[in-house]
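A short worksheet on the structure shown next.
Where a number appears in this text, it was derived from the coordinates with a stated rule and is not lab data. Treat the numbers as computed from the prediction; the structure is a model and nothing was measured. Every residue, glycine among them, receives a Cβ derived from its backbone with ideal geometry; neighbour counts consider all protein chains shown.
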């Protein structure tokens, strides 16, 4: 009968010892670091990684400013091209209007053809400029969104012109 008790008792002892060890191991986790006392100044508290994060953020801000400046330069270049196109068209329209005064029947055909050809060429050029600029603008705005969330694009200097849009002035249209 003694053997029978050992067969039951020994596995029970092993099971309870294993359970006790498992609970004891779980209880020996490292305690969380204590919070610094409130009496100390914020400058005295260690800020591990803080400088790395702020340096990376400052670099990202500088990169974003450079990207904004490049986009502003592209925008200005496109506006300058459009002004040059307008000046060329104004010159051709003035020549066409001057040809109206001529009494020759075919005097108006060449200037009109020049104006129409210039309009077509300018429309194609401005469409090409817009199609070239659109993907770059979208990528630029996405960088702002990555950095500042949905309000990020509004932080771009291109979105902050500082002046309201100018009202369109009625121009004297040539009469034909």
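Listed values, structure above:
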quantity	calculated
Contour minus Cα-Cα distance for residue 129 and residue 103 (0.36 nm per residue)	5.3 nm
Translational diffusion of region 56-155, µm² s⁻¹ [Kirkwood Rh, Cα pairs; Stokes-Einstein; 10 °C; 1.306 mPa s]	95
Projected label distance in nm at residue 121 and residue 65, using a 7 Å step from Cα toward the beta-carbon	4.2
Rough spin-label spacing in nm, given labels placed 7 Å along Cα→Cβ, for residue 75 and residue 136	1.3
Residue 83-residue 146 FRET efficiency (beta carbon distance; Förster radius 41 Å; 0.05 resolution)	0.75
